[in-house]
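The values are calculated or read from the model by the stated rules, or taken from the named source; none is laboratory data. Everything quoted here is computed from the prediction, not taken from an experiment. Using ideal geometry, Cβ is built from the backbone for each residue, glycine included, and neighbour counts are taken over all protein chains shown. Note: accessible area is taken over every heavy atom of the protein model, side chains too, but ligands, DNA and RNA are not part of it. Shrake-Rupley method; radii C 1.70, N 1.55, O 1.52, S 1.80 Å.
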Amino acid sequence: MSDEPHPYEEGKRAGIHPLIVIVGILLGLWLFVYLIVPSSKNKQATGTEGPTGPIVEDLEAAPVLFKVQATVSDMNAISLTVPPEATDSQVVGLLKRFKHDRLAGTLTELLPATTPGHKLGDHAVADIYIVSDAQYAQADVIRILTRGAHAPGNLYPQVVPFEVAMEAIRGHYRIDLNDTGNPDSASLGFADESGVHSRQYRKIF
């Protein structure tokens, strides 16, 4: 008779302990999630998720001076420049001022009409872009931003890549009086309709 132990003996467990199996499965799932599912940091970098941090606004910030650089009538868009030293609080203040004047019907005193003669007003539809570097306020750059990140590149020649132009935007104010539920929206930074956004994007209203 062989001296080797029988592979199965009554009273002894055969195979791996169930606790080891459970721990192994949990470890495997954790590795799968960690390696496969993108982290929130990666999502922000690629422009699929918006930041959630609060905006610290300086209520004592002085109004910022701005200059109209371009009016792109075929896109109902306007570009403005502010000084490079303008703070985010000052840009927020400017965006809120535009909304206040839009509601008061006096926005045309500050900005050229984007829909002159329209039944809903001279700014019935408008995209207002605020930058500090005038090279990103040119009409061709504004057209790139207004078309959005997913416009077919072979149809529209691009002066600068969309991603580069997007990062240059200090503030963006969108008016669409046809959308009665949300006629005004504004942000620090920029986000297009698909949700692609710049690193500094923060929704204001």
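Structural remarks
- GLU109 contributes an accessible area of around 150 Å² to the protein surface, as traced by a 1.4 Å probe with all chains present.
- Within region 106-150: Cβ-based charge dipole about Cα centre, in debye rounded to nearest 20 (Lys, Arg +1; Asp, Glu -1): 200 debye
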